[in-house]
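The values are calculated or read from the model by the stated rules, or taken from the named source; none is laboratory data. Remember, predicted model here, so these are calculated numbers, not experimental data. Please note: Cβ atoms are built from the backbone with ideal geometry, for glycine as well, and neighbour counts cover all protein chains shown.
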Amino acid sequence: MTHATMDGDFVLLRAGALRLLLPLHEVGAARYLDSPPLPTQTAGLLQDAGGVCAALSDAMELLPECPPERFILAPLSQARPDIAWCWDHLRVLIGVRLDLVPLPAVLAGPSMPVRGYVELDGEPAFVTSAADVCRYSLAEGA
């Protein structure tokens, strides 16, 4: 399998077992979640003191409530800056070179929100974009 090299600045985001790697410029300023967000009228969207937020499952689906271990909020700045996403862990990687392993052809497709994975700390982190996370996770009109 051929690997491509990615050079640059990235953010590793973790939500439960889900580990996503996005370009740094696509993730907005992070802040701590002061108290558990509350459900809103829109399924999967939550409300905290700072505004609308959302929490992802291991399968990149919106959760009806924020798990207690999620304490970091960060917007995906270019896609939906009005929604802060709840994460267990956020790590900034500056000036790194990573080997991208593309998805096998049977898994790749236009609806797939990830284009491959990199290995970080001995575990896969799925390479995606803010736009693809939002497109895949948010219902139309959300």
For this session: State whether the residues of the stretch 105-117 include one that is in contact with a strand residue (DSSP E or B) (Cβ under 8 Å, 6 or more places away or on another chain), modelled with pLDDT of 90 or more and surrounded by fewer than 16 Cβ atoms within 10 Å (Cβ to Cβ).
Result: no
Exercise. Any idea which residue in the stretch 46-65 is modelled with the lowest pLDDT, counting only those that are of a type in the set (A, V, I, L, M, F, W, C) and more than 20 Å from Leu22 (Cβ to Cβ)?
Worked result: Ala49
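Tell me which residues, restricted to the stretch 1-54, are surrounded by fewer than 16 Cβ atoms within 10 Å (Cβ to Cβ), under 16 Å from Ala79 (Cβ atoms) and not aliphatic (A, V, I, L, M). Don't jump to the end; show me each part of the working.
So in the stretch 1-54, the residues surrounded by fewer than 16 Cβ atoms within 10 Å (Cβ to Cβ) come out as 1-5, 7-9, 17, 24-25, 29, 31-32, 34-36, 38-43, 47, 49-51.
Those still in the list that are under 16 Å from Ala79 (Cβ atoms) too: 24-25, 29, 51.
His25, Gly51, listed by residue number.
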Exercise. Which pairs have Cβ atoms under 6 Å, sit 6 or more apart or on different chains, and link a residue in the stretch 3-21 that is of a type in the set (Asp, Glu) to one that is surrounded by 12 or more Cβ atoms within 10 Å (Cβ to Cβ)?
Worked result: Asp9/Leu24
